[in-house]
1. Any idea what the dipole of segment 7-238 comes to, in debye rounded to 20, about its Cα centre with Lys/Arg Cβ at +1 and Asp/Glu Cβ at -1?
2. Using the Cβ atoms and a cut-off under 10 Å, what net charge is assigned to the surroundings of residue 74, where Lys and Arg are +1 and Asp and Glu are -1?
3. Please report the Cα spread of segment 7-238 along all three principal axes, rounded to whole Å, starting with the longest.
4. Relative contact order for the chain: what is it in percent, counting Cα pairs under 8 Å that are at least 6 residues apart?
5. Apply the Karplus curve 6.51 cos²θ - 1.76 cosθ + 1.60, θ = phi - 60°, to the phi angles in segment 105-121 and return the couplings in whole Hz, x for Gly and Pro.
6. Rounded to the nearest 500 deg cm²/dmol, what is the calculated helix-only ellipticity per residue at 222 nm for the chain, with -39500 (n - 2.57) per DSSP H run of length n ≥ 4?
7. For the chain, what is the accessible area per residue in Å², given a 1.4 Å probe and the full set of protein chains?
8. Given a 1.4 angstrom probe, I'd like the percentage of the accessible area of segment 31-161 that is carbon and sulfur, rounded to a whole number.
Amino acid sequence: MRKILTLEMIRANNEFRKLIDAANTNLEHMGYTEHGLRHVGYVSKTTANILSELGYEERTVELGAIAGWIHDIGNAINRKHHGLTGATLAYDALSRMHMEIDEIALIIGAIGNHEEETGLPVNPISAALIIADKSDAHRSRVRKKTFDYNDIHDRVNMAIKKNYLVVDKEKRKIRLVIFMDDISSTMDYMQIYLTRILLCEKAAEFLGCVFELMINGAVINRQKSVAAEPQLAVGEKEVSEEETASPCKSVSRSADDKK
Ligand SMILES: [Fe+2]
Ligand SMILES: [Fe+2]
């Protein structure tokens, strides 16, 4: 008998709670920032908010909240490939809770694709989860007992005094706003967040939006309009690829281009 599971039922489930705690403890021993109830609570709520603001139906919003709550449980096994292991753990646990298989498939797709090493947005929940997870950089994630100024993750997180996401459904724009003090810098932030921000751009695109990163009042990422096509000025002529190609200019396609 299949069941309609809610976020409250998932939050009340002791198995998930123990896996979240174990994941957080493992990452503490490895020197990572906070990945416990605060982080998964933020990601759960923010994933749901993004989907809700963009007008997705109530059940999709709820599934986003569930995926956000359990997205990091794979860290209970190992940090490496924790999206993939977490999805496998979630499949088993949600099946035993009798969740509908179509819903489980959406959730494990989102969990299994939330890390930049192996992930790409594959459904709206996955896309919203990526943006929610990668937007959670803040001083409250720094473990005060072990704060190390020379650790770039600690330094960047400690510098972030305020962060929030703005979803503009009409302009199709998702903006991450960050305020940092001078303990760290935009350069430090980009060193550790560049690939995550690129994944956020792809996630926003999946949702039919652009992703804008603003740090201390300055927009620092590429602005790509969904609709805008560059127009040729009077007298300009479009030159085909064949005309510009030469042995020197030949471009080898990267793996990304094939995806
Ligand atoms: Fe993660
Ligand atoms: Fe996370």
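The values are calculated or read from the model by the stated rules, or taken from the named source; none is laboratory data. All figures in this text were calculated on a predicted structure; none of them were measured in a lab. Neighbour counts are summed over all protein chains in view; Cβ atoms, including those assigned to glycine, are modelled from backbone coordinates with ideal geometry. Note: areas computed on protein heavy atoms with side chains; ligands, DNA, RNA excluded. Shrake-Rupley method; radii C 1.70, N 1.55, O 1.52, S 1.80 Å.
1. 580
2. Net of charged neighbours comes to 0.
3. Result, largest extent first: 67, 45, 26 Å.
4. 15
5. Coupling constants for segment 105-121: 4, 5, 5, 5, x, 5, 5, x, 10, 8, 9, 5, 5, 10, x, 8, x Hz.
6. Using -39500 (n - 2.57) per qualifying helix, the result is -15000 deg cm²/dmol.
7. Accessible area per residue, the chain: 54 Å².
8. Its accessible area is 54 percent carbon and sulfur atoms.
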